[in-house]
Every structure is written in structure tokens, then in C-alpha cells.
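In what follows, a structure is listed as C-alpha cells, so that the remarks can point back to it.
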Amino acid sequence: STRSRPANRAPRRINWRLRARVLIRDNCLCRMCGASPAKDPAVTLHVDHIVPWSKGGRTALENLQTLCERCNIDKGDRIPNPGLRYER
């Protein structure tokens, strides 16, 4: 069966322009642990919803953040504690 989103709901997918704006705003650093591909080439950055899309979060600049792959997987679909910061 095909699921359709409500008419007033923005798509989940983050387009390349918005993704680039988030990465630039966050200086290509993970907002949880500070990891960066400039410091460690093995780091992969993701653009992630702060309030998960599955919980009503919007695909908008103010609800997106840069996370490294590890922090993104650890976060899952939880809403993070503001000020929570991991050390690498």
C-alpha cells in the first residue's frame, strides 16, 4: 500500500541546497561531539532532524543539525537533551 503524507506536512527528504546550508552553518562539525572530516578523514557527516520527522519535526533549517554517523545512530529517533555533548 502507498502511504501519503498529510497535505500540510513537508517532505522528509532533505534536498541538497538545504543540506549544504546546514553543513555550512554548523562549520562541518558534529554538533554533539565536534567530529569533523577535516580532523579525521574517516568521519562521515549526516544532516539530521533535531525533532525527528516521525515525531512531527519539520524539514526546515531550524530543525536540522549536522551529526557524525556515530552520534546520528546513537541518537536514533529520540529528541536530544539540549546541551548534550559527547566527547570523542
Would segment 23-31 turn up any residue that is among the polar types (S, T, N, Q), open to solvent by 30 Å² or more (accessible area, probe 1.4 Å) and modelled with pLDDT of 95 or more? yes
If you scan segment 61-77, which residues turn out to be of a type outside the set (A, V, I, L, M, F, W, C) and either touching a His at 6+ places or on another chain (Cβ under 9 Å) or open to solvent by 20 Å² or more (accessible area, probe 1.4 Å) (or both)? E62, N63, Q65, T66, E69, R70, N72, D74, G76, D77
In the set V43, V51, the lone residue that is under 10 Å from the mean Cα position of the chain (by Cα) and either of a type outside the set (D, E, K, R) or at pLDDT below 95 (or both) is V51
Mind checking which residues of segment 2-22 are open to solvent by less than 70 Å² (accessible area, probe 1.4 Å) and at pLDDT below 80? R9, A10, P11
If I ask for residues that are open to solvent by 70 Å² or more (accessible area, probe 1.4 Å) and of a type in the set (G, A, S), which ones from segment 40-60 would you list? A42, S54
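The values are calculated or read from the model by the stated rules, or taken from the named source; none is laboratory data. All figures in this text were calculated on a predicted structure; none of them were measured in a lab. Neighbour counts run over all protein chains shown; Cβ positions are idealised from the backbone, glycine included. In case anyone asks, the SASA skips ligands and DNA or RNA and just uses the protein heavy atoms, side chains included. Shrake-Rupley method; radii C 1.70, N 1.55, O 1.52, S 1.80 Å.
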